[in-house]
Amino acid sequence: MDEQLKSELRRQGVVATSLQELYNWGRRSSLWPLNFGLACCAIEMIAATMARYDLARFGAEVFRPSPRQADLMIVAGTVTKKMAPQVVRLYNQMPEPKYVISMGACAISGGPFKQGYNVLKGIDRYIPVDVYIPGCPPRPEALIDAFLMLQKKIDEQYLTGPNRPRHLNADLPSEFVVPEFSAHDLVPTQNSEVWKAPLVNISIAGKNESGRN
Amino acid sequence: MSILTETPIDLVPGPSSDRSEGQLLEVSMGPQHPSTHGVFRMDVTLDGEKVVKLKPVFGYLHRNHEKIAETESYLGCMPYTDRLDYICSITNNWAYALAVEKLAGIQVPERAEYLRIITGELTRLQNHAGLVGFLMQDMGASGTPLMYAFREREKVLDLFEALTGARMMCNYMRFGGCRVDVPANWLQQAQKVIDGFPQFLDEFENLLTSNEILMARTQGVGVVTREQAINAGISGPMARASGVNYDLRKVDKYGIYDRFSFRVPLGEHGDVYDRYMLRALEMRESIEILKQAMRDLPAGPIMDPNTKIRGFRPKAGEAYGRIEGPKGELGFYLISDGTASPYRYRVRPPSLINLTLLEDMCLGQNVADIVIILGSVDIVLGEVDR
Amino acid sequence: MNLEEIKSEIEANVPGCRLEIIPNGSPSGQHSLLIDADHAFAVSSYLRDATNRQFDYCSNVTGIDWPIKEISTKVKTKKIVDGMEKDVDEVVKTQTGGYLEAVYHLFSVEQRQGPLVLRMRTEDRTERVHLPSLTPLWRSAEYQEREIFDLFGIVFDGHPDLRRLLMWEGFEDHPMRRDYVDPDDYEYEPTAHDEVLKRAQAHQAAEGGL
């Protein structure tokens, strides 16, 4: 049905929708985040749920303590190597469909602590991430923006066809490898099904750097 | 007629030692647990409801602050201090700046000292308010006290944002002063927030201080005696709740705290209720300090003109500087070898050391009291694990 | 608070202990007292219990790694060169370091004094890394000594529960040591410079380059 006809009908008091729209509307309007904070960003996440920013306006104020009841994981803060297995395990325990917001510089890439021996250089090395929000920490408005972005992303998903999302495709995995502790580092250090190192020409970056020096 | 008196005697459980093996329940609380303050884990052994053993597990937020600092410049470490105890970034800045000033012998101009006290005490206000909110959240008062606390916190954060450009990670202090002077109209706004704070406190205390549930849940729970507290290195409000009269603002008189008149509240019982009460009283004293500081704030420079910020290389040596942070004694121990980055950079984390007695406080208590006791210690994991 | 006074007082009360004052070059003037490991416990318990000292509050405990470092200093000596006496600069190499150090900052709550800085040194950095634990005296040292054990590898004898504090069980390195090399996860460094750039280039070379 074309959009014009639909809006015309709506004006007349007739709601016409497709199953896909209804399904997506239901999912995007009640995202239940996992009650789960890691570091500094978690405080801004709490601030976002409080009276001033009021995340409840977007249907996402119900922070669930159990991963079984949540469908959104906000990775808010530095993921250390000691914590990474737990984060992946929590993600695995969430039922499909599930989404991940990577909040703040640390969750994206390790942020200011990137060079630390116990810091994971981004949670996307182990689990797929839907929305990244930069900032250290991102403001509550940024988190709200991430919510809107995620809702938009859900709205655009197809129920059928080759582009359908992961939870509707039985062939795609919904659980990912949980890294294990070893003598010096995590094993494996990354999940190559989820993440591949982007190609960066480091020698050129180096030339620029020495030029600056 | 009471039902309890009619309980058949053979159903009353005997002392725990009589129980057969396997009756104890081991529970791992955390690192993802709604009532742990961040990624903190406790391995708890329970006998029914009673805690018989509790071992905290740290390191889930070990971000290698101290190692990274060894490769950073002295100034480059300053933003990292913000992220230690991420609720009170300004007092962290202060402790680090104080340690470097001791290491290099830098003087701080008077106006900067006043600005430090104003921002530092505002930090204490929002930390204590937030802490009480979180404590009530742990107790089951879901949301409401925390909402009240965060409403006030936002007002303070607005001031920080207007002054430093960031809500949480202020990065405000420099060795020898402060980074920026107050913008136009800031002092009037700050005055408004400070004048409005007692009203919030009255409202808050009206709801909480003589609340029957709060008293029943917290009085006599998690007791720390004075001797225990000193021996275990407990500092800050937690030590004072146990009656240790040791407030670094009075003892060290760092900065210009000797110019202000304020009282140091002390607790008698050392239980969770005293720790709650002490925070409420400390907030009122902070307001007194703030009022005096706002009144006396002099004009003048905010940076020591002789201090080199870039290419700063202090002489070889070491220094330990400490301040009374909102959580307790926050110290920085720096060793310089004459180069641009510290040879050793150590944070004395009050949150970690205040947890030393966690097991002692929890033994024999109910499992539901663990989260209250933990909440009353006031920890921030960024500082516990660093 | 005079460190010389404290030193002679301890020497009078703890027979056989070897103390040394380590001067501090910074304006802070916090000089420290080096105590030998054998008498560390006795010295510390004297400091805690002596009624005129009462260092009841052990605030900060930390470790420092001092790897072996060669310092070359130029010394002017007189030498006979070609039958003539001349001033010649001679480079003298001295070795310092080669030990791990534990530092304790003591304060007195009762007498409001401090800090008194105590230091203890291990014999080397690999084998003989044992020091006595002061946790039985001050419980505040419990977690901090565990942290030093974890990150520096000093073994504290007499500690009630000496396990790793921050890193996981089974981790083998001591990452706060100066010669620790962190795992090679430099595959993606978009803004590499200095040390990181070298590591990233090394990683890329090992992978076969772009």
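The values are calculated or read from the model by the stated rules, or taken from the named source; none is laboratory data. This is a predicted model, so every value here is computed, not measured. Every residue, glycine among them, receives a Cβ derived from its backbone with ideal geometry; neighbour counts consider all protein chains shown. Surface accessibility is based on the protein's heavy atoms, side chains included, excluding ligands, DNA and RNA. Shrake-Rupley method; radii C 1.70, N 1.55, O 1.52, S 1.80 Å.
Couple of notes before you dig in:
- Buried surface for the A/C pair, taken as the accessible area of each chain alone minus that of the pair with a 1.4 Å probe, is close to 2500 Å² in total.
- Amide N of the stretch A:135-157 lying under 17 Å from the label point, which is placed 7 angstrom from the Cα of A:Ser18 along Cα→Cβ: A:152-157
- The stretch B:321-386 - share of DSSP beta bridges that are antiparallel (%, nearest 5): 100
- Test item: B:318-327 mean partner chain Cβ contacts at 10 Å: 4
- Note on the stretch B:32-127: with neighbouring protein chains present and a 1.4 Å probe, carbon and sulfur make up 48 percent of its accessible heavy-atom surface.
- Ranked by the mean number of other Cβ atoms within 10 Å of their residues, highest first, the peptides B:48-55, A:16-23 come out as B:48-55, A:16-23.
- Residues along the stretch C:139-161 losing 30 Å² or more of accessible surface when the other protein chains are present rather than the chain by itself (probe 1.4 Å): C:Arg139, C:Ser140, C:Tyr143, C:Gln144, C:Glu147
- Counting protein heavy atoms only, the stretch A:76-143 has 60 percent of its accessible area on carbon and sulfur, 1.4 angstrom probe.
- A simple spin-label model places pseudo-atoms 7 Å from Cα toward Cβ; at C:Asp179 and A:Gln93 they are separated by 4.3 nm.
- In terms of its alpha-carbon gyration tensor, the stretch C:117-210 comes out prolate; a/c meets the 1.5 threshold, and the first ratio a/b outweighs b/c.
- Helix-only mean residue ellipticity at 222 nm for chain C, each DSSP H run of n ≥ 4 adding -39500 (n - 2.57), per residue, nearest 500: -6500 deg cm²/dmol
- Modelled spin-label separation between C:Ala50 and B:Asp195, with each label point placed 7 Å from Cα along the Cα-to-Cβ direction: 5.6 nm.
- With all protein chains modelled, accessible area of A:Thr189 [1.4 Å, Å²]: 60
- Taking every residue in B:79-91 and counting other chain Cβ atoms within 10 Å of its Cβ, the average works out to 2.
- For A:His184, the solvent-accessible surface computed with a 1.4 Å probe is close to 90 Å², ligands and nucleic acids excluded.
- Of the two radii for chain B, the radius of gyration is 1.02 times the Kirkwood radius, both from the alpha carbons; that is the Rg over Rh value.
- Measuring between alpha carbons in the structure, the pairs from B:Lys55/C:Lys198; B:Lys53/B:Lys253; A:Lys196/C:Lys198 lying more than 31 angstrom apart are B:Lys55/C:Lys198; B:Lys53/B:Lys253.
- Per residue solvent-accessible surface (Å²) - the stretch C:1-150, probe of 1.4 Å: 48
- Gyration tensor (alpha-carbon) shape descriptor, the stretch A:33-188, a/c threshold 1.5: oblate
- Rounded D (µm²/s) - the stretch A:119-192, Kirkwood Rh over Cα pairs, Stokes-Einstein at 10 °C, 1.306 mPa s: 105
- Beta bridges per DSSP with both ends in chain A, % antiparallel, nearest 5: 25
- Distance violations [Cα-Cα > 24 Å] among B:Lys102/C:Lys74; B:Lys315/C:Lys74; B:Lys67/C:Lys93: B:Lys102/C:Lys74; B:Lys67/C:Lys93
- Inter-chain shielding of C:169-179 (mean C-beta neighbours from other protein chains, 10 Å cut-off): 4
- What separates the Cα centres of the stretch C:43-89 and the stretch B:121-143 is a distance of 48 Å.
- For the chain pair B and C, buried accessible area totals roughly 3900 Å², probe 1.4 Å, rounded to the nearest 100.
- Taking chain B and dividing mean pair separation by its residue count, relative contact order in percent (alpha carbons under 8 Å, at least six apart): 26
- The residues of chain B have, on average, 35 Å² of accessible surface per residue, using a 1.4 Å probe with all protein chains present.
- FRET efficiency for C:Lys74 and A:Leu199, using Cβ-Cβ distance with R0 set to 45 Å, rounded to 0.05: 0.35
- Paramagnetic reach from B:Ala340 in the stretch B:70-92 [backbone N under 20 Å; point 7 Å along Cα→Cβ]: B:70-81
- Charging the Cβ of each Asp and Glu at -1 and of each Lys and Arg at +1, and nothing else, the dipole of the stretch C:97-184 about its Cα centre rounds to 440 debye.
- For chain A, a crude dipole built from +1 on the beta carbon of Lys and Arg and -1 on the beta carbon of Asp and Glu, taken about the Cα centre, is about 360 debye to the nearest 20.
- For the stretch C:42-83, the residues whose amide N sits under 12 Å from a probe point set 7 Å from the Cα of C:Val91 along the beta carbon direction are C:71-75.
- Cβ crowding within 10 Å averaged over residues, with B:235-243, B:176-184, C:143-151, B:257-265 ranked highest first: B:235-243, C:143-151, B:176-184, B:257-265
- DSSP bridge pairs, the protein assembly as shown: antiparallel proportion in percent, nearest 5: 80
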